[in-house]
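The values are calculated or read from the model by the stated rules, or taken from the named source; none is laboratory data. Owing to the predicted nature of the structure, the values given are computational and were not obtained by experimental measurement. Note: ideal-geometry Cβ built from the backbone for every residue, glycine included; neighbour counts use all protein chains shown.
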Amino acid sequence: MSSPTSTAESVPTTLLSRLQQVVEHAGSHPEAAVCDLLRILQAEHGWIDDERLQLVARLCGISPVRVEELCTFYPLVLREDPGRHVLRICDSIACHLAGAPGLLRMAVAQSGVPLGQSNGHYSVLPHVCLGLCERAPAAFVDGKNTVAPLSAEALRQLLQGWERES
Ligand code: FES
């Protein structure tokens, strides 16, 4: 395992130890730990900023560009601050046919920002198949809960609830 020459200032020491353990567990293939490190850091911080990306690169002994490539490949990794809440609406084929495009347009209209951008409190993102095709259109809320099928009314209420929080 590579020892970081400096640590991300905002990453607590206990969390850093946990990350190092994950890398140690990957043995001679530290790159295999990248996704786990990104998942842990995103759970802690909400998204992967440049500081955390650099930390993952240092811990795994690979280039930041390689970590960035992996972040780009995995749609669950957020490289911009999404705000407090994230709604992912599946736009793969079954959900597309079941009305996802209309739901995405509705979410854009209600949030006031383009897909993938935060309105300061929440973000709405298109997402690949969530494995809930038989209950399309499907959504994934805050990385924890699925809603399927997602109705226009449920979407409106969800976003209104988030707007009341802000
Ligand atoms: S296509 Fe949307 S959940 Fe599978």
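Just one of the listed residues (Gly61, Gly99) is outside the structural domain of Gln117 (by TED's automatic domain parsing) and on the phi > 0 side of the Ramachandran plot, and it is Gly61.
Please verify whether Pro149 is within 16 Å of the ligand (Cβ to nearest atom) and either without any contact (Cβ under 8 Å) to a residue 40 or more places away in the chain or touching a strand residue (DSSP E or B) at 6+ places or on another chain (Cβ under 8 Å) (or both), treating the condition exactly as stated. It would help to see each step written out before you state the result.
Details: within 16 Å of the ligand (Cβ to nearest atom): yes; either without any contact (Cβ under 8 Å) to a residue 40 or more places away in the chain or touching a strand residue (DSSP E or B) at 6+ places or on another chain (Cβ under 8 Å) (or both): no.
Here the answer is no, as Pro149 does not meet what is asked.
The strands (runs of 3 or more DSSP E) falling completely within the range 109-166 that include 1 or more residues that are surrounded by fewer than 14 Cβ atoms within 10 Å (Cβ to Cβ) map to 145-147.
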